[in-house]
Amino acid sequence: DLAAALNDRGQVRYLRVEFAAAVRDFTAAIECQPAFEVPYYNRGLVRYRLGDFDEAMKDFRKVLQLNPQFEDAALSLKQAILDKEEKQKRGY
(Lines give C-alpha, C1' and ligand atoms only; values in the text may rest on other atoms or scores of the structure.)
Protein backbone atom coordinates (compact mmCIF):
# COMPACT_ATOMS: atom_id res chain seq x y z
CA ASP A 1 0.00 0.00 0.00
CA LEU A 2 1.00 3.64 -0.39
CA ALA A 3 1.86 4.26 3.27
CA ALA A 4 4.22 1.27 3.35
CA ALA A 5 5.83 2.33 0.07
CA LEU A 6 6.40 5.88 1.36
CA ASN A 7 7.83 4.49 4.59
CA ASP A 8 10.18 2.22 2.63
CA ARG A 9 11.34 5.10 0.43
CA GLY A 10 11.91 7.17 3.55
CA GLN A 11 14.12 4.43 4.97
CA VAL A 12 16.21 4.37 1.79
CA ARG A 13 16.59 8.14 1.97
CA TYR A 14 17.52 7.93 5.65
CA LEU A 15 20.26 5.43 4.82
CA ARG A 16 21.49 7.81 2.09
CA VAL A 17 21.64 10.58 4.73
CA GLU A 18 18.90 12.49 2.89
CA PHE A 19 17.21 13.43 6.16
CA ALA A 20 14.85 16.17 4.95
CA ALA A 21 13.53 13.92 2.16
CA ALA A 22 13.19 11.00 4.60
CA VAL A 23 11.14 13.14 7.01
CA ARG A 24 8.88 14.20 4.12
CA ASP A 25 8.31 10.56 3.13
CA PHE A 26 7.60 9.43 6.68
CA THR A 27 5.21 12.35 7.16
CA ALA A 28 3.43 11.49 3.91
CA ALA A 29 3.12 7.87 5.04
CA ILE A 30 1.58 9.07 8.32
CA GLU A 31 -0.87 11.28 6.43
CA CYS A 32 -1.91 8.28 4.29
CA GLN A 33 -2.35 5.95 7.25
CA PRO A 34 -2.36 7.76 10.63
CA ALA A 35 -2.62 4.52 12.65
CA PHE A 36 0.57 3.05 11.06
CA GLU A 37 3.13 3.38 13.86
CA VAL A 38 6.29 2.53 11.91
CA PRO A 39 6.68 5.84 10.02
CA TYR A 40 6.26 7.74 13.31
CA TYR A 41 9.11 5.69 14.73
CA ASN A 42 11.29 6.21 11.66
CA ARG A 43 10.59 9.95 11.60
CA GLY A 44 11.45 10.06 15.29
CA LEU A 45 14.79 8.40 14.57
CA VAL A 46 15.65 11.03 11.95
CA ARG A 47 14.62 13.86 14.26
CA TYR A 48 16.65 12.30 17.08
CA ARG A 49 19.69 12.04 14.84
CA LEU A 50 19.28 15.72 13.92
CA GLY A 51 19.20 16.61 17.63
CA ASP A 52 15.53 17.64 17.56
CA PHE A 53 14.78 15.72 20.74
CA ASP A 54 11.39 17.33 21.45
CA GLU A 55 9.95 16.36 18.06
CA ALA A 56 11.58 12.92 18.26
CA MET A 57 9.98 12.34 21.66
CA LYS A 58 6.56 13.34 20.27
CA ASP A 59 6.93 10.75 17.52
CA PHE A 60 8.10 8.02 19.91
CA ARG A 61 5.21 8.77 22.27
CA LYS A 62 2.76 8.53 19.36
CA VAL A 63 4.20 5.13 18.45
CA LEU A 64 3.66 3.92 22.01
CA GLN A 65 0.13 5.32 22.03
CA LEU A 66 -0.62 3.30 18.88
CA ASN A 67 1.35 0.22 19.96
CA PRO A 68 2.40 0.04 23.64
CA GLN A 69 4.41 -3.13 22.89
CA PHE A 70 6.81 -1.35 20.46
CA GLU A 71 9.96 -1.86 22.54
CA ASP A 72 12.36 0.00 20.24
CA ALA A 73 10.18 3.11 20.51
CA ALA A 74 10.21 2.88 24.31
CA LEU A 75 14.01 2.57 24.31
CA SER A 76 14.40 5.42 21.83
CA LEU A 77 12.11 7.64 23.91
CA LYS A 78 14.20 6.98 27.04
CA GLN A 79 17.41 7.74 25.15
CA ALA A 80 16.00 10.97 23.70
CA ILE A 81 14.96 12.13 27.17
CA LEU A 82 18.43 11.37 28.57
CA ASP A 83 20.19 13.08 25.67
CA LYS A 84 17.97 16.16 25.95
CA GLU A 85 18.74 16.40 29.67
CA GLU A 86 22.48 16.03 28.98
CA LYS A 87 22.31 18.72 26.28
CA GLN A 88 20.55 21.07 28.71
CA LYS A 89 23.14 20.38 31.45
CA ARG A 90 25.91 21.29 29.06
CA GLY A 91 24.11 24.47 28.03
CA TYR A 92 23.71 23.89 24.30
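The values are calculated or read from the model by the stated rules, or taken from the named source; none is laboratory data. Treat the numbers as computed from the prediction; the structure is a model and nothing was measured. Note: accessible area is taken over every heavy atom of the protein model, side chains too, but ligands, DNA and RNA are not part of it. Shrake-Rupley method; radii C 1.70, N 1.55, O 1.52, S 1.80 Å.
Accessible area ranking (1.4 Å probe, heavy atoms, ligands and nucleic acids excluded), largest first, for Val17, Val46: Val17, Val46. Taking every alpha-carbon pair under 8 Å whose residues sit at least 6 apart, region 14-70 reaches a relative contact order of 29 percent. When Rg and the Kirkwood radius Rh are both evaluated on Cα atoms of the chain, their ratio Rg/Rh stands at 1.00.
Among Ile30, Ile81, the sequence by solvent-accessible area, most first, with a 1.4 Å probe is Ile81, Ile30.
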